[in-house]
Each structure stands twice: as structure tokens, then as C-alpha cells.
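Got a structure here, written out as C-alpha cells. Questions coming.
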Amino acid sequence: MCPRPLSSTTLAGLGLRLVPEDQKCYSLYVSRLDKAKEQIAYLKFWLGVMVVTDISLVGWLVSSVAGAAAQTVLAAVAAVVVITASSIAVHRRIERLIDAVEEL
């Protein structure tokens, strides 16, 4: 049994489209390709944030290591290690998603 279809005006207002599954039924969907592209874009944004943060911390360490307290320097070094490792993990996840998109 098919659900009652939404009007095309309602769908257009939501930015959605109807895709015929057969002659009698219509279904709303977001393709797997579109979803994967959005995930990649979202991860690329956060990868950029992490890279900028990492570069800023390294720059601060280089310029202020002599005048900063040992605890602050240690915390900054730990943050650089964690952010760098996280950036590598996000980069690898993006690569896997790109490989998955090739299969779609």
C-alpha cells in the first residue's frame, strides 16, 4: 500500500524531489552518493579546523617556548600530538569515504 503523496509545492518548499518507484507510488529519498558527499564535506571542514589549530599551536610553541611555563608547554605539546593524530584519523576516514563513492 502506498502512502498518500505530498504535493509538489510542499516538496519544493522543503528542497526535496519525488522519484517514481513505479507507476503508482512515489518515495522521498536522498541518494547514497549525496549522503557520502555531504559526509566528506563535513569531515573536510573539521579537518581544516584541526590543521589550522595544529599549525597555530606549533607556531606558538616555536615563538613562546622560552617564556612560557613548563606546564603550558607540556600541555601544548600534548595538544599538538592529539590534534595531529586526530587529523590523520579524519584524513584516513575521508579517503575511505572517497573510495566508497567510487563504488557507487
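The values are calculated or read from the model by the stated rules, or taken from the named source; none is laboratory data. Please read all numbers here as calculations on a predicted model, not as lab measurements. So basically every Cβ, Gly included, is an ideal-geometry build from the backbone, and we count neighbours across all protein chains shown.
Write out, first by first residue and then by second, each pair whose Cβ atoms fall under 6 Å of each other, whose residues are 6+ apart or on separate chains, and whose first residue, in the range 78-93, is on the phi < 0 side of the Ramachandran plot while the second is polar (S, T, N, Q) and surrounded by 14 or more Cβ atoms within 10 Å (Cβ to Cβ).
These pairs meet every condition: Ile83/Thr53.
Given the criterion among the β-branched types (Val, Ile, Thr) and modelled with pLDDT under 95, identify the matching residue among Val58, Val90, Val101.
Just one listed residue meets the conditions, Val101.
Within the range 9-26, is there a residue that is surrounded by fewer than 14 Cβ atoms within 10 Å (Cβ to Cβ), outside any helix (DSSP H, G or I), aromatic (Phe, Trp, Tyr) and at pLDDT below 95?
no
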